[in-house]
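Reading through the C-alpha cells given below for one structure.
The values are calculated or read from the model by the stated rules, or taken from the named source; none is laboratory data. Being a predicted model, the structure only gives us computed values, none of them experimental. Backbone-built Cβ (ideal geometry, glycine too); neighbour counts: all protein chains shown. The protein model used for the area step is the full one, side chains on, heavy atoms only, and it has no ligands, DNA or RNA in it. Shrake-Rupley method; radii C 1.70, N 1.55, O 1.52, S 1.80 Å.
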Amino acid sequence: MAYPPLADLLPHRPPMLLLDALTAAADKSVACTVTVREGAPFVSAGTASTLLAVEYFAQAVAALFAFKALGSPDPFKGGVLLGVRDLDLAVPHLFAGDTLDVTCREQWASGPVAHYQCALHRGPERLAAGSITVLQGDPSALELAPS
C-alpha cells in the first residue's frame, strides 16, 4: 500500500518533521522510517543522542492518528506526549547515515489517551525501546474531574 507523505499528515514542518516516511499503518500499530542526516536538528559532528527516539516514537504515533483520521469528518488536530516509561537505550548515539525503523503498537486506550510500546531498530539491531502515553487532540478540551 502507498501511504501519503508525512508532510500531508502531520503539522510538523522541516526541520522538525524528523521522520521520512510512513511504511505501515493498522488499527493499533504503525511503522515509519528515518535516515539520520548531518545538519538535521539534534545531529552534531555526525551523531545524535539515542534520546531522539522519544520524538521519533511520538511522531510515528501522531502519523498513525492522522492516517486513521483521513477521510473522516473529525480530522486529526494534533496531540501531546504525556509521558515516557521504561525507556531502554541500547546505544548512546545514532550516527549520520543510519537508516532506522520506528515501530509502535497500542497497548491500551481510554478516550483520547493511549499508551504505545515502541522500538527503534537499525536493521535487526534494537537501538531503543520504551512506551509512551499520548493525548490525541487539544488538552484544553478535556473535561477534568474537579479536585
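Using the rule -39500 (n - 2.57) for each DSSP H run of four or more residues, divided by the residues of the chain, the 222 nm mean residue ellipticity is -4500 deg cm²/dmol. Note on segment 1-65: Kirkwood hydrodynamic radius from all Cα pairs is 12.4 Å, rounded to one decimal.
Over the chain, what is the relative contact order in percent, taking alpha-carbon pairs closer than 8 angstrom and at least six residues apart? It comes to 24 percent, rounded to a whole number. Using only Cα atoms and rounding to the nearest 10 degrees, what angle (0 to 90) does helix 52-69 make with the longest principal axis of the chain? Helix 52-69 and the main axis of the chain meet at about 40 degrees. Can you pull the percent of the chain's accessible area that's carbon plus sulfur, 1.4 Å probe, other chains left in place? That fraction is 57 percent. Solvent-accessible area per residue in segment 75-147 equals 59 Å², computed with a 1.4 angstrom probe and all protein chains kept. Among 114-121, 16-23, the peptide with the highest mean count of other Cβ atoms within 10 Å heads the list, and the full ranking is 114-121, 16-23.
Stokes-Einstein diffusion for the chain at 20 °C, viscosity 1.002 mPa s, with a Kirkwood radius from C-alpha pairs, works out to 136 µm²/s.
Accessible-area rank, largest first, for SER49, SER29: SER49, SER29, with all protein chains present and a 1.4 angstrom probe. Each Lys and Arg Cβ is given +1 and each Asp and Glu Cβ -1; about its Cα centre, the chain then shows a dipole of about 40 debye. Taking GluC sites (Glu not before Pro) as exposed when DSSP calls them loop and at most 16 other C-beta atoms lie within 10 angstrom, the chain has its longest site-free stretch at 39-142.
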